[in-house]
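The values are calculated or read from the model by the stated rules, or taken from the named source; none is laboratory data. Just so it is clear, the model here is predicted, and its values are computed rather than measured. With ideal geometry, Cβ positions are generated from the backbone for all residues, glycine too; neighbour counts draw on all protein chains shown.
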Amino acid sequence: MSATPVDAPVLHDPRTYDHGVPYEYYRWLRDNEPVAHFEHPTYPGGYWAVTRYADVQRVSRDAATFRNAPDPFIDDGSMGPAPQEAGTSELLISKDAPEHIKLRKLINKGFTPRRVADLQDRLRARTDAIIDGLVDRPGCDLVHDLALWLPLHVIADMVGVPEADRKQVFDWTELTFGFDPAVTAEQRQQAATEMFLYADAMCAEREAEPRDDLMSVLLEAEVDGEHLTRFQIEVFFMLLQNAGSETTRNLITTGTLALLEHPDQLEVLRTDPGLLPTAIEELLRYVTPVIQFTRTPATDVELGGRHIRPGERVMMVYSAANRDERAFVDPDRLDLRRDPNDHVAFGAGGPHFCLGANLARLEARVMFEQILSRFEGLRVDGDPATFPRVSSNLIDGFAELPIAWDRIVPAT
Ligand code: HEM
């Protein structure tokens with residue numbers, strides 16, 4: 001075993017990711033300490049970081065041992081020894097069987113492949129409109145002018161938020177779930193409360209007069225004679241805004257950057273657009289928008305030769321597992337033809353596997369199709385090493401990413 005690198009990054013600290021994900025350190029961990037222990041200001045027993053693909057899969061799939069409660073989010077340590085007031089224990093992603101299974105069955109009624117496929121035309125029209133809005137400009141910020149809008153509108157379309165209310169809902173979403181360090185805890189709390197009350201009013205309207213939207217489907221959904229409560233639907237509304245927006249946005253931004261930084265691969269895709277679905281899987285693996293989630297063992301457990309006690313958090317580092325040379329040939333290479341590609345960007349299997357995976361794939365397909373076909377001379381405007389990144393230990397991506405182009409061609 002080689003010595004622990006001096007200044008080893010602190011994996012729960014958002015500042016660790018200010019200049020990107022520490023892939024070199026992950027490699028060291030995989031080779032030397034695949035189940036590594038870290039101290040943490042809030043968790044008395046510290047936490048364990050799991051970096052090998054096979055171990056991440058084992059934790060993710062053994063839900064009886066590795067629980068999601070009280071929540072799978074790691075405290076970023078910024079509050080010192082005072083625990084983070086997360087308010088996340090009611091979310092679907094914080095539940096375990098049997099409640100999780102029941103909730104997920106009910107929610108799945110609103111997430112059928114047909115409902116996702118039905119969004120396709122609206123998605124294309126929306127993407128065209130977003131790009132049309134840029135035609136007179138020589139460049140823009142890929143994050144705020146392009147990538148951010150589609151995921152926000154898709155969730156709003158799905159849930160049934162009227163156009164007139166969208167700006168307000170999007171503002172609340174950014175304040176509540178965004179990673180802008182300038183937003184205070186009070187502002188975050190205020191926005192979350194207002195969004196929750198808004199979801200409550202939407203539920204009341206749908207109860208009185210059902211429509212063809214997710215809110216109405218969830219209100220009517222029934223499994224074994226049980227329904228979702230209004231509170232459960234409102235909490236799910238909040239989770240959707242969070243889970244569906246930041247993640248997909250960062251796949252679009254960091255994925256576009258990866259393509260622009262690999263012109264040979266971009267050329268492969270331009271000459272063979274049919275490769276796009278395979279290419280998106282590789283972009284998901286290569287950029288891994290969700291860095292990690294944690295689990296908390298209910299009993300003593302051995303993992304990678306280490307003894308983990310009940311209550312000690314276990315971090316599944318997806319970004320490390322997706323670069324594990326034990327699972328992928330030449331893992332640091334972007335290879336858009338990689339197939340098979342059993343990446344863990346949507347989770348490593350098990351009951352919490354991303355509910356929106358197919359929707360995210362569809363959004364990415366439509367967006368990348370349009371970016372590839374409509375922008376001529378697309379390029380990054382500056383040095384990506386200097387662009388500010390999202391301040392988060394959960395989501396990897398850019399807060400700003402300036403791009404420029406020669407011309408935007410009309411939509412076909
Ligand atoms: C590129 C985009 C996305 C990525 C990388 C991503 C990634 C993930 C990951 C890693 C998990 C945890 C899996 C686990 O614990 O096993 C998850 C869960 C979840 N995702 Fe996504 N996600 C994306 C987009 C979406 C979208 C568009 C939606 C909704 C419209 C969504 C809804 C959810 C929900 C509801 C859960 C919790 C499921 C549960 O606990 O049962 N995600 N996602």
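A few points about this structure:
- When residue 96 is tested against the conditions (1) away from the ligand (no atom under 11 Å from the Cβ); (2) outside any helix (DSSP H, G or I), the lone failure is (1).
- When 363, 400 are checked against the criterion of being charged (D, E, K, R) and within 14 Å of the ligand (Cβ to nearest atom), 363 stands alone in meeting it.
- Restricting attention to region 196-211 and to residues that are free of Cβ contacts under 8 Å to residues at least 40 places away in the same chain and not in a helix (DSSP H, G or I), the residue that is nearest to residue 157 (Cα to Cα) turns out to be 210.
- Region 330-357: number of residues that are among the aliphatic types (A, V, I, L, M) and within 20 Å of residue 116 (Cα to Cα): 3
- Residue list for region 45-93, restricted to those being more than 14 Å from the ligand (Cβ to nearest atom), of a type in the set (Gly, Ala, Ser), over 20 Å from residue 29 (Cβ atoms) and modelled with pLDDT of 95 or more: 64
- Within region 58-81, being assigned to a helix (DSSP H, G or I) and either free of Cβ contacts under 8 Å to residues at least 24 places away in the same chain or not β-branched (Val, Ile, Thr) (or both) holds for 58, 60, 61.
- Counted residues, region 137-170 - those being among the small types (Gly, Ala, Ser) and touching a Pro at 6+ places or on another chain (Cβ under 8 Å): 1
- The set of residues in region 36-57 being of a type in the set (D, E, K, R) and assigned to a helix (DSSP H, G or I) consists of 55 alone.
- Residue 69 fulfils the conditions (1) surrounded by fewer than 16 Cβ atoms within 10 Å (Cβ to Cβ); (2) more than 22 Å from the chain's Cα centre (by Cα) except for a single criterion, (2).
- Among (1) surrounded by fewer than 19 Cβ atoms within 10 Å (Cβ to Cβ); (2) part of a helix (DSSP H, G or I) - the single one residue 351 does not satisfy: (2)
- Residues in region 6-20 that are surrounded by 19 or more Cβ atoms within 10 Å (Cβ to Cβ) and within 17 Å of residue 316 (Cβ to Cβ): 3 in all.
- Near pairs, Cβ below 6 angstrom, 6+ apart or cross-chain, from region 237-256 (in a helix (DSSP H, G or I)) to any residue that is acidic (Asp, Glu) and near the ligand (Cβ under 9 Å from one of its atoms): 248/363
- Residue within region 224-232 that is under 24 Å from residue 359 (Cα atoms) and either surrounded by fewer than 19 Cβ atoms within 10 Å (Cβ to Cβ) or over 20 Å from the mean Cα position of the chain (by Cα) (or both) present: yes
- Restricting attention to region 325-354, the residues being farther than 17 Å from residue 71 by Cβ and within 16 Å of the ligand (Cβ to nearest atom) number 9.
- Residue 172, sole failed condition from (1) assigned to a helix (DSSP H, G or I); (2) over 30 Å from residue 209 (Cα atoms); (3) aromatic (Phe, Trp, Tyr): (2)
- Selection of first residues in region 348-362 that are more than 13 Å from residue 154 (Cα to Cα) and of second residues that are near the ligand (Cβ under 6 Å from one of its atoms) and assigned to a loop (DSSP other than H, G, I, E, B), restricted to Cβ pairs under 7 Å at least 6 apart or on distinct chains, gives the following pairs, ordered by first then second residue: 353/346; 353/347; 354/346; 354/347; 357/346.
Okay, residues lined up against (1) at positive phi; (2) modelled with pLDDT under 95; (3) away from the ligand (no atom under 15 Å from the Cβ):
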| site | (1), (2), (3) |
| --- | --- |
| 189 | no, yes, yes |
| 202 | no, no, yes |
| 225 | yes, yes, yes |
| 258 | no, no, no |
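- Of residues in region 108-133 being touching a helix residue (DSSP H, G or I) at 6+ places or on another chain (Cβ under 6 Å), of a type outside the set (D, E, K, R) and modelled with pLDDT of 90 or more, the one nearest to the ligand (Cβ to nearest atom): 123
- Selection status of residue 182, among the small types (Gly, Ala, Ser), part of a helix (DSSP H, G or I), without any contact (Cβ under 8 Å) to a residue 24 or more places away in the chain and surrounded by fewer than 16 Cβ atoms within 10 Å (Cβ to Cβ): no
- Search result, residues across region 355-380 that are in a loop (DSSP other than H, G, I, E, B) and surrounded by fewer than 17 Cβ atoms within 10 Å (Cβ to Cβ): 377
- Residue in region 6-24 that is part of a helix (DSSP H, G or I), without any contact (Cβ under 8 Å) to a residue 60 or more places away in the chain and of a type in the set (Ser, Thr, Tyr) present: no
- Count - residues of region 131-169 that are free of Cβ contacts under 8 Å to residues at least 40 places away in the same chain, more than 25 Å from residue 114 (Cα to Cα) and outside any loop (DSSP other than H, G, I, E, B): 5
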